[in-house]
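The values are calculated or read from the model by the stated rules, or taken from the named source; none is laboratory data. Not measured: the values here are computed from a predicted model. Cβ coordinates were reconstructed from backbone atoms using ideal geometry, including for glycine residues, and neighbour counts include every protein chain displayed. Areas reflect the complete protein model, heavy atoms only, side chains present, ligands, DNA and RNA absent. Shrake-Rupley method; radii C 1.70, N 1.55, O 1.52, S 1.80 Å.
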Amino acid sequence: TNYQLLITTSQGERYESNAIQMTPISELSNLYAELTTNASDEEGIQIYVDSDNQNGDASYFRYEYEETYQIIAPNWYPYKPIFTNYEVLINTYDFIVDYDVEFILRPEEERFCYTTEKQKGILLTSTSNLTENRVTKFPIRFINKNDGIIRDRYSIIVKQYVQSIEAYSYYSVIKDLGNVESILSPSQPGFVVGNITSADTPEKKVIGYFDVSSVTEKRIFFNYFDFGLTPPPYLYDCEVIELDYNDNSIADQDRNDRYEIYRLMTRFPEFNVGFELVDIPIPEPNGIWTLVNPECGDCTSISSNIRPDFWED
């Protein structure tokens, strides 16, 4: 079966691709991770794929991956303050604030989050010059052992596309241009001829490629301790601050800690989200309040708390 892409824009311009035939089916047979040291002498986890191709016509492959990692806020605390009746009392010698505080339970959904990221760059390989039509231990993704994305739990899904030699050649050129590190490089970026043309103006340059590929995919999960590693640091620096609720004055030539509590938890414009509690003398607010920046106390400030359907603990 041949496939062709036909496009008509809202301005009435027509574009069409060459007729493309579906590529042979080839299964991605194995997706796995190993502890290793890369060429830069970094220790970490290397993710590989194998593909044992029974169909001799499948020789050109492109890979895409999408990684999802869990984020558990390290300083999440089950209570949250609600401030009401805030007022400022200023006299000649001092700056005093007053407000009421009520503590409520926070939702667990602010503790566990999930971030999904797509790959950067193009991954290609070919078996055309090999004695066996088999992809063995092709590297997909390297993760340094100190990368915080494996601190809690990590998952990756890899898709294998079987390509024609024309599609493979097109992506190879795009990949080479994307790897240009300097304008002084012998390989200069320029127009890459694809297989889509203008039906109305044949000489018009059109960027793009229409590809029809068979695709298979696999997903794996792992944790840092599966490889005997120590926990990597959290993704963000945690700024833990202790403030004395009973300090409600600047007459001592120091900041007003009670005001700082209110300001940091309700009025922090840099993040547009307040600091979070780490510890508090409940039920009475008197005493030392311990606060932390939002990235470390509420994961929803930097990620999504929606658990993916595919996720496995």
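Hey, among Asp57, Asp41, which residue is open to solvent by 60 Å² or more (accessible area, probe 1.4 Å) and modelled with pLDDT under 95?
From the options Asp57, Asp41, the qualifying one is Asp57.
Within the range 60-75, restricting attention to residues that are among the polar types (S, T, N, Q) and under 18 Å from the mean Cα position of the chain (by Cα), which residue is most open to solvent (accessible area, probe 1.4 Å)?
Taking the candidates together, the pick is Gln70.
Which one is farthest from Asn195 (Cα to Cα), of the residues in the range 119-170 that are small (Gly, Ala, Ser) and assigned to a strand (DSSP E or B)? First the steps, then the outcome.
Taking the range 119-170 and keeping what is small (Gly, Ala, Ser), we get 121, 126, 128, 148, 155, 164, 167, 169.
Restricting the remaining residues to those that are assigned to a strand (DSSP E or B) gives 126, 155.
Working: Ser126: 21, Ser155: 35 Å.
Ranking the qualifying residues of the range 119-170, first place goes to Ser155.
Go through the range 162-178 and give me each residue that's hydroxyl-bearing (Ser, Thr, Tyr) and either touching a Ser or Thr at 6+ places or on another chain (Cβ under 7 Å) or modelled with pLDDT of 95 or more (or both).
Selection gives Ser164, Tyr168.
Output the residues belonging to the range 274-291 that are buried (at least 23 other Cβ atoms within 10 Å of the Cβ) and in contact with a Cys (Cβ under 9 Å, 6 or more places away or on another chain).
Glu276, the sole residue that qualifies.
Mind checking which pairs have a first residue in the range 250-266 that is open to solvent by less than 30 Å² (accessible area, probe 1.4 Å) and a second that is in a loop (DSSP other than H, G, I, E, B) and acidic (Asp, Glu), Cβ under 7 Å, 6 or more apart or different chains?
Pairs found: Asn256/Asp247; Asp257/Asp247.
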